[in-house]
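These notes concern the structure reproduced below.
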Amino acid sequence: MSASAVASTASIRATRQSEANTPVALAAAAAALGGAALIGAAVNPRQAALYILGAAMGLVLYHAAFGFTSAWRIFISDRRGEGLRAQMLMLAVATVLFFPVLASGSLFGQPVTGLVSPAGISVIFGAFIFGIGMQLGGACASGTLYTVGGGSTRMLITLAAFIAGSAIGAAHLHWWAALPSLPKISFVELWGPWTALAVHLAVFAAIAAVTVVIERRRHGRLLTTGTAPREGVARFLRGPWPIAAGAVALVLLNFATLALAGRPWGITSAFALWGSKIADGIGVDVASWPYWSTPARLAELQGSVLNDVTSVMDFGIIVGALLAAALAGRFAPTWRIPLRSAVAAIVGGLLLGYGARLAYGCNIGAYFSGIASGSLHGWVWLVAAFAGNVIGTRVRPLFGLEVERSPRLTGC
């Protein structure tokens, strides 16, 4: 084949890939609307609204390619800090919105509470192995869901192992929780909302400034994600979005979650529920685990997953990402997964699930929503998980996984 023919073929393929996948987009839209109708009838309209809110999160995560795993890996391996700076922007906007509301205890007349957890050995160890799992599994909690919805078949393996690890972590949590730990500490309660806000904003700015210095020292300038192929309405519907826009959108959606659910966004408690239900279905005496001993949790275990706020939002994230991938013309699953990559997905998923239970959350429930709630354990999680990501980034090549040096922060 001549060079011109090859170029022409490549151009045709690129054009086809950029075209929206209309059948899949219609199916995803039907799943979003139909799912909301089903949940509204089976539970209540508020639960249906949370499902749609999850779908919006999935679309934002996919179109903005908002990464935690890839952002940290690229900074660790190549000192590019755009993703980290976007996370600091996200946290800064979140604290501005959350701290005053959490201090007042209500939002639009409804009681609200933050995600504040103890900070001890279980959080340090759990977040550390979660960080390793991020790099081996290929994603964080939110990234696993949105990449599954986007058509990544490898991430189905990670998700299955994630769920299994979460159930095992739930079975063991009582032992870890008995180890030395600080009590729940909320900086909003300890210092007041305005002092806590000023300190947090200063820390976010300092972290962003450090990434700027390090990146300029390595590359001589700040590197960005490049020019978008679309503008206007087409870019809004089909992406890609600026990563900063994704950061702000996720904050607003998390704030909406606070208003509807009475607490911030979380993801992985649903995985523990799903895994425990599966274990219960095959004869494991899950109800005897201390994790499920409280009346509220026992009701979750015995009830429908549609009654669980986190579960319906997780389902929504998958559907929303599916819609985004179809609109972007990038939904193209492939079932060829190298053995070493599959092994890494299993190991990474188990570490993600087990670590999330020990650390009282993941990159969303502990890091994003934890820090937005003013919780000390959110900061402990960040430090320990980042250390785990350093190890995970170094280990990735052993499993045949690349340590990319791309300025475009694709995936999570």
Any residue at all in the stretch 105-112 that is modelled with pLDDT of 95 or more and assigned to a helix (DSSP H, G or I)?
no
Would it be correct to say that GLY370 is within 21 Å of LEU50 (Cβ to Cβ) and in a loop (DSSP other than H, G, I, E, B)?
no
Return the residue satisfying two criteria in turn: it lies in the stretch 372-383 and is in contact with a Gly (Cβ under 7 Å, 6 or more places away or on another chain) and under 20 Å from GLY133 (Cβ atoms), and of such residues it is surrounded by the fewest Cβ atoms within 10 Å (Cβ to Cβ).
GLY378
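For the stretch 117-145, what are the residues that are out of contact with any Cys (no Cβ under 7 Å at 6 or more places or on another chain), under 21 Å from ALA55 (Cα atoms) and not polar (S, T, N, Q)?
The first filter runs over the stretch 117-145 and keeps only residues out of contact with any Cys (no Cβ under 7 Å at 6 or more places or on another chain), leaving 117-129, 131-133, 135-138, 144-145.
So of that shortlist, the ones also under 21 Å from ALA55 (Cα atoms) come out as 144-145.
Result: LEU145, single match.
In the set TYR360, TYR354, which member is at pLDDT 95 or above and not in a helix (DSSP H, G or I)?
Values: TYR354 fails: not in a helix (DSSP H, G or I).
Step by step, each of TYR360, TYR354 is checked, and only TYR360 is at pLDDT 95 or above and not in a helix (DSSP H, G or I).
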Note on LEU237: of the conditions (1) within 25 Å of the chain's Cα centre (by Cα); (2) modelled with pLDDT of 95 or more, unmet is (2)
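On the basis of being of a type outside the set (Val, Ile, Thr), in contact with a Lys or Arg (Cβ under 7 Å, 6 or more places away or on another chain) and under 23 Å from ILE132 (Cα atoms), does SER77 make the cut? Walk me through how you get there before you give the answer.
Details: of a type outside the set (Val, Ile, Thr): yes; in contact with a Lys or Arg (Cβ under 7 Å, 6 or more places away or on another chain): yes; under 23 Å from ILE132 (Cα atoms): yes.
Against the criterion (of a type outside the set (Val, Ile, Thr), in contact with a Lys or Arg (Cβ under 7 Å, 6 or more places away or on another chain) and under 23 Å from ILE132 (Cα atoms)), SER77 qualifies.
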Tell me whether the stretch 330-341 contains one or more residues that are farther than 20 Å from LEU97 by Cβ and free of Cβ contacts under 8 Å to residues at least 40 places away in the same chain.
yes
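Within the stretch 35-48, track down each residue that is crowded, with 18+ Cβ neighbours inside 10 Å and part of a helix (DSSP H, G or I). Show your work before the answer.
Residues of the stretch 35-48 that are crowded, with 18+ Cβ neighbours inside 10 Å, as a first pass: 35-36, 39, 43, 47-48.
Selection gives GLY35, ALA36, ILE39, GLN47, ALA48.
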Would you pick out the residues in the stretch 313-350 that are out of contact with any Lys or Arg (no Cβ under 9 Å at 6 or more places or on another chain), more than 26 Å from VAL60 (Cα to Cα) and part of a helix (DSSP H, G or I)?
LEU339, ARG340, VAL343, ILE346, VAL347, LEU350
Can you tell me which of MET57, MET88 is of a type in the set (A, V, I, L, M) and either surrounded by 24 or more Cβ atoms within 10 Å (Cβ to Cβ) or assigned to a loop (DSSP other than H, G, I, E, B) (or both)?
MET57
For the stretch 272-291, check the following and say yes or no: at least one residue is assigned to a helix (DSSP H, G or I), closer than 25 Å to GLY114 by Cβ and under 16 Å from the mean Cα position of the chain (by Cα).
yes
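The values are calculated or read from the model by the stated rules, or taken from the named source; none is laboratory data. In this text, all values refer to a predicted model and were calculated from it rather than measured experimentally. Note that each Cβ is placed from the backbone with ideal geometry, even for glycine, and that neighbours are counted across all protein chains shown.
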